[in-house]
């Protein structure tokens, strides 16, 4: 079955870059996503990458995909206090929105002033 | 942008009662909605897929008689936790992919925190 793993915690100084890592086991994953969850709230889609891409950049966010190693990372440049949250990676098969998402365990990002 | 709402945002109930949670897509139609459960400091676990006009599809280990799902229209799905017990206390989140979107985006509701006493 599908399995998505993340490290549980990451602490970063304000202004530094944050790199959140994710590994997955299902090689047939088509879309890979990064979601942000602030305390007591639902999930906000940050970005996604299609499996035939190896990099995607969107303002302060850079997603890197190593399909051979089934490794996905999210880099947040110039980390700010507002970036404090739990970050989930997720994968789906078709990406057409009607396929279920399998979520990673979530990484809690803490910003050190 | 697409908005998904949930009602109530939090509920406290006595053991043995039933609780209904609504998930609405406010500005788009969704033939499918997903219901997730999140325990404290844990990931989201998919409970079931709600299908408009047909029966919901439940994930392995989820009791369909315990968690009743009704997808009454293209903008509303409801989850009823029947005969709730303290172990049902959790954060319940729904999501909906817009019917006309192709890139796989799902929009999540803000969640409903259920506490069963």
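Worth pointing out:
- Whether a residue is at pLDDT 90 or above, in contact with a strand residue (DSSP E or B) (Cβ under 7 Å, 6 or more places away or on another chain) and under 14 Å from residue A:99 (Cα atoms) was assessed, and residue B:49 passes this test.
- Residue check, residue B:11 part of a strand (DSSP E or B) and over 18 Å from residue B:108 (Cβ atoms): yes
- Every residue from the stretch B:63-100 that is within 13 Å of another protein chain (Cβ to nearest Cβ) and touching a residue at least 60 places away in the same chain (Cβ under 8 Å): B:92, B:93, B:94, B:95, B:96, B:97, B:98, B:99, B:100
- Restricting attention to the stretch A:54-88, the residues that are under 19 Å from residue A:29 (Cα atoms) and at the interface with chain B (Cβ under 10 Å from one of its Cβ atoms) add up to 1.
- Lone qualifier among A:106, A:40 - being on the phi > 0 side of the Ramachandran plot, out of contact with any strand residue (DSSP E or B) (no Cβ under 7 Å at 6 or more places or on another chain) and within 14 Å of chain B (Cβ to nearest Cβ): A:40
- In summary, strands (runs of 3 or more DSSP E) completely within the stretch A:47-95 and bearing 3 or more residues that are farther than 13 Å from residue A:19 by Cα occur at A:55-58, A:85-92.
Residue-by-condition table, conditions (1) under 11 Å from the mean Cα position of the chain (by Cα); (2) modelled with pLDDT under 95:
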| site | (1), (2) |
| --- | --- |
| A:2 | no, yes |
| A:24 | no, yes |
| A:32 | yes, yes |
| A:40 | no, yes |
| A:49 | yes, yes |
| A:74 | yes, no |
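The values are calculated or read from the model by the stated rules, or taken from the named source; none is laboratory data. No experiment lies behind these values; they were computed from the predicted model shown. Cβ coordinates were reconstructed from backbone atoms using ideal geometry, including for glycine residues, and neighbour counts include every protein chain displayed.
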